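Down below is the structure, laid out as structure tokens.
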Amino acid sequence: REKADESEYGDEEYEEYAVNEYSDISEKRFPKAIIVGVRKCGTRALLQFCGLHPQIVHAEREIHFFNDKENFQKGTTWYRQQMPLSLPSQVTMEKTPGYFISADAPNRLKELMNKGYIDNSIKGARKMITHKIILVVRDPVDRIVSSWAQILENRVKKGLPPPSETLEDRILNRGGRVNRHHSAVRTSIYLKWYRNWHRLFRGRILVIDANELVEYPWKSVQKVEDFLELPNLVDESEFYFNSTRGFYCMNNGKGPGRPKCLNKSKGREHPPISTNLRKKLKQFFYIYNNAFFKKINQDFGWNRN
Ligand SMILES: Nc1ncnc2c1ncn2[C@@H]1O[C@H](COP(=O)(O)OS(=O)(=O)O)[C@@H](OP(=O)(O)O)[C@H]1O
């Protein structure tokens, strides 16, 4: 598992709350839809917003089953136990952005999909699940700055002084070139990781544009509904624009206290970065972005600004 300087458990504050009234037929089920990444691209927003659909339930926490050896060894029954209760007509979803950049996650997931999940609650039974993979991607440069903002805020929270280096010091090497081995840079080379998923899950991957998710969240949810073959039930009327936060929030949140906006750790103010660094990063990602857009057959316009 890659040790990155970005927090792997980006949003551990979220608590489990999914409880189902129809407890007689509800049980914890393996997730069919998995948001595999990318970290800092809006994975939490997409998960919460999909939860507005009555036929989607989701684990609140990041499970880190397929990318963490220790968790994986706990077995599939443990994995299922992490899920909320659901009805047979509902789709269970989980999100762990660490899956995207894990060398193991796509292979482990595919193997279970092919062999079936052993379910200890029914002796010897295997559950066959055809997984659907969801990916949210954002301009790689914004993603890097977002992750830097998180690092800075986490230091403040821990009572540590600001780091002595700037983002530029960390990301550019001595010759002033972008260091492709820096973990934040590596994560943002989406093409590299996407290939691993595409090889195994071709035709079963939905890629969501982070800009669309921010500006028109209902459109992104509609894409998920179509992808999961669910009726379109979440529309614009579910959202309102919160000008203090600068983001859309939900009119009717779910769970205790019915949270409507995402946690304050989502939508942080970004620290300024030098024009030099921005220009170098833009240039660096230009080719990767184009190749990625070609691969997914969509262009999210990051190379146009
Ligand atoms: N509606 C709404 N409200 C708040 N935040 C929103 C929303 N939609 C998308 N986003 C974006 O989500 C970004 C955080 O991404 P993740 O949830 O994937 O982060 S994490 O990896 O789980 O830590 C977060 O990134 P930053 O703005 O850089 O903090 C937001 O831009």
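Where strands (runs of 3 or more DSSP E) fall wholly inside segment 75-169, the ranges with 2 or more residues that are under 26 Å from His181 (Cα atoms) and either within 20 Å of the chain's Cα centre (by Cα) or free of Cβ contacts under 8 Å to residues at least 24 places away in the same chain (or both) are 132-137. Contact map, segment 281-305: residues that are within 18 Å of Arg177 (Cβ to Cβ) paired with residues that are of a type in the set (S, T, N, Q) and assigned to a loop (DSSP other than H, G, I, E, B), Cβ distance under 9 Å, separation 6+ or inter-chain. Pairs shown: Lys282/Asn305. Going through (1) open to solvent by 10 Å² or more (accessible area, probe 1.4 Å); (2) touching a Leu at 6+ places or on another chain (Cβ under 9 Å); (3) at pLDDT 95 or above one by one, Arg108 falls short only on (2).
Out of the residues in segment 150-194 meeting the condition of being within 16 Å of the ligand (Cβ to nearest atom) and among the polar types (S, T, N, Q), tell me which one is nearest to Tyr286 (Cα to Cα). Result: Ser188. Among the residues of segment 176-210, those that are open to solvent by 70 Å² or more (accessible area, probe 1.4 Å), farther than 22 Å from Thr275 by Cα and not small (Gly, Ala, Ser) comprise Lys192, Arg195, Arg199, Arg202. Contact annotation: residue pairs with Cβ atoms under 9 Å, 6 or more positions apart or on different chains, pairing a residue in segment 39-50 that is touching a residue at least 40 places away in the same chain (Cβ under 8 Å) with a partner that is among the aromatic types (Phe, Trp, Tyr) and open to solvent by 10 Å² or more (accessible area, probe 1.4 Å), are Arg44/Tyr14; Ala45/Phe247; Ala45/Tyr248; Gln48/Tyr14; Phe49/Trp218; Phe49/Phe239; Phe49/Tyr248. The residues of segment 11-69 that are charged (D, E, K, R), open to solvent by less than 10 Å² (accessible area, probe 1.4 Å) and modelled with pLDDT of 95 or more amount to a single one, Arg44.
Number of residues in segment 67-96 that are within 16 Å of the ligand (Cβ to nearest atom) and of a type outside the set (A, V, I, L, M) equals 5. Number of residues in segment 262-305 that are away from the ligand (no atom under 16 Å from the Cβ), touching a Pro at 6+ places or on another chain (Cβ under 8 Å) and not polar (S, T, N, Q) equals 2.
The values are calculated or read from the model by the stated rules, or taken from the named source; none is laboratory data. Since this is a predicted model, take the numbers as computed values, not measurements. Cβ: placed from backbone, ideal geometry, glycine included. Neighbour counts: every protein chain shown. SASA here: full protein model, heavy atoms, side chains in, ligands and nucleic acids out. Shrake-Rupley method; radii C 1.70, N 1.55, O 1.52, S 1.80 Å.
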